[in-house]
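Here the structure comes first, spelled out in structure tokens, and everything after it is commentary.
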């Protein structure tokens with residue numbers, strides 16, 4: 001398993017414990033809308049939110065409405081991510097549909113804003129037995145603080161709506177995610193998905209938050225994690 005800050009994913013149906021099936025939009029058939037230049041002038045976020053310390057008294061659990069599970073390529077296992085009640089972004093895996101998740105990455109959400117985009121992460125479902133530059137499923141994950149109607153993710157094929165769900169702790173905001181197969185194991189756009197108007201790699205992925213019909217926050221690329 002390689003975790004990369006900038007990769008790609010493919011459409012999957014996802015389920016969580018006790019929840020209905022979730023269908024993720026296939027980036028192979030997105031809307032034709034491209035990111036207007038004016039989005040570049042929108043803020044990523046505004047204001048200062050709560051400190052991580054204010055959440056540390058809460059338990060950390062691998063369930064809740066924000067949990068995502070998806071089968072890994074060629075392996076009988078599931079991958080999960082969630083934002084814990086104590087304000088950590090956690091990634092885990094487990095045998096398909098059973099057993100306790102094994103966390104392989106977890107880090108605190110520092111400098112949480114009052115409103116807007118936060119904690120954007122892109123990582124690949126990559127195995128060491130895959131050839132170099134193989135097409136891989138990539139997870140695009142983020143948190144939105146404040147009211148949100150939808151989040152659009154800009155991929156080589158166009159803008160795709162992400163799945164959206166409350167974080168385990170509603171005070172943290174809403175989690176969004178998308179899976180695509182438009183990138184390879186290095187984070188570069190695959191030949192099949194190539195689009196000069198998009199860019200060459202996952203650094204060109206855009207995240208746009210809408211409230212009603214109006215875009216209010218925008219980020220391009222994935223920020224470095226401090």
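Note on segment 178-217 and segment 98-165: Cα centroid distance 12 Å, given to the nearest whole angstrom. Here each label is just a point 7 Å from Cα along the line to Cβ, and for residue 134 and residue 197 those points are 3.3 nm apart. Applying the Kirkwood pairwise sum to the alpha-carbon positions of segment 78-226 produces a hydrodynamic radius of 16.2 angstrom.
Throughout, read-outs are computed from the coordinates displayed, never taken from laboratory work. No experiment lies behind these values; they were computed from the predicted model shown. Here the Cβ is made from the backbone with ideal geometry for all residues, glycine too, and neighbour counts use every protein chain on show.
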